[in-house]
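Chemist: Supplied in structure tokens, the structure appears directly below.
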Amino acid sequence: MRVQLNAVRLIVALMAALLLASMLPAAWAGVPNKDAVPAYAEEQTMLQVEGDSRVRDTGFGNATSGKVHMDRHYLGQYGTKEANVIVQRGGNTWRTLRNGPIALATGTILLVVPFLIFVFYRAFRPPALEPSPTGRRITRFNGWERNVHWATAYTFIALSITGIIIMFGKNIMLPWMGHTVFSWVAIISKYVHNVVGPLFIVCSILMFFTFLRRNFFNRIDWQWVKAGGGLVSHKHVPAGFFNAGEKTWFWGGVVMLGLVMSVTGLILDFVTFGQTRYVLQMANYLHIAGATLYMVGAMGHIYLGTYGSPGAYQAMREGSVDENWAKAHHALWYEDVKSGAAPGGGVRPDAPPPVAPRPGPTPGPAH
Ligand code: HEM
């Protein structure tokens, strides 16, 4: 019990550290960024302009303060319109951060996490389909729920693959593909990403309303948290339709990260609404941080929905689960289904209806 609690604490601490680390670059790139090393002569001039500026900052209490900060970020007079700005100092800061430490941190996280999941699986793999199936099935997800889930999942996978190509393609694909092929791969990825993004938002909204009611936390969820979900001990903790882990994925992933990705994605996707380059750069930092956390979370979700919890995948693929699986993994929901308090179609035998033998070709006369 203590080992599990420590493991949960460690995971929570690691996640908090990851979140903080992913936020750091955005803070570091704050305006004005005094530590930025000038890369060009133009930038040197810009730093000079900033230093010489006689426009006083109005202070944090004043609504115009942010605007002064932003406008100072551009080469030109204070108050210059974005359209007249030829070189923007923040652009270089963004470029060096995005291609340097941010890409390194993101790439490392995206490689290390699947490796850690694999190590976890080797150390604490659950027994195959335990308890043994009865052959009696309970409906868990109806057709609409499954379609919404898979539409969100497929759009998410498309965005993850194309997003990774946009971000790392130049480093990992261009060298062996060459410029001609890679330019096609990159442009197709970009357009797919731009179009699938809004579709993903629609799917996420449908997902939110479809599963909201079953995702409110209640007191019993605390038991699941205290037992670390039984992921290490393989003990079954009583849970309702969704357990605390699934609810955390709903609120932290679908809702919070979904919001971050949607808002920043729309800012990046539709650039004709007057957003400045500075806003685009900030949206990009947040988009990358959100994407990294979301992809890492999805890896955990996929593991727990397949190898980490045998029997769970069938629920989303076919819509039903075995009675014993429901009893072990979601005991409170199982009781509700049995008493008729929750829909689930009751418990029914899984035996397929007898299939009449198909009439085959009539054997010809023996020779
Ligand atoms: C939730 C899943 C998503 C993931 C994993 C994801 C991932 C990424 C990644 C890794 C990048 C590359 C960032 C860079 O190279 O600097 C990117 C860029 C971008 N994303 Fe997303 N994204 C997601 C959702 C969205 C949504 C919902 C939209 C739009 C509504 C969107 C629109 C964009 C745009 C416009 C870019 C910039 C492409 C460019 O460089 O021209 N993304 N995304």
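Each reported figure results from applying straightforward, stated rules to the coordinates on display, with no laboratory input. Just so it is clear, the model here is predicted, and its values are computed rather than measured. We place every Cβ from the backbone using ideal geometry, glycine too, and count neighbours over all the protein chains shown.
Every residue, every condition in (1) more than 13 Å from the ligand (Cβ to nearest atom); (2) crowded, with 17+ Cβ neighbours inside 10 Å, yes or no:
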| position | (1), (2) |
| --- | --- |
| 116 | yes, no |
| 132 | yes, no |
| 157 | no, no |
| 163 | no, yes |
| 186 | no, yes |
| 190 | no, no |
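Chemist: Let me ask another. May I ask you to say which residue of 292, 264, 306 is of a type outside the set (D, E, K, R) and in contact with a Phe, Trp or Tyr (Cβ under 7 Å, 6 or more places away or on another chain)?
Modeler: Step by step, each of 292, 264, 306 is checked, and only 306 is of a type outside the set (D, E, K, R) and in contact with a Phe, Trp or Tyr (Cβ under 7 Å, 6 or more places away or on another chain).
Each row is one residue, and each column tells you yes or no for (1) closer than 30 Å to residue 116 by Cβ; (2) touching a Leu at 6+ places or on another chain (Cβ under 9 Å).
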| position | (1), (2) |
| --- | --- |
| 260 | yes, yes |
| 264 | yes, yes |
| 276 | no, no |
| 279 | no, no |
| 286 | yes, no |
| 292 | yes, yes |
| 296 | yes, yes |
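Chemist: Next question. Going by the structure shown, is residue 263 surrounded by fewer than 17 Cβ atoms within 10 Å (Cβ to Cβ) and either in contact (Cβ under 8 Å) with a residue 24 or more places away in the chain or assigned to a helix (DSSP H, G or I) (or both)?
Modeler: Yes.
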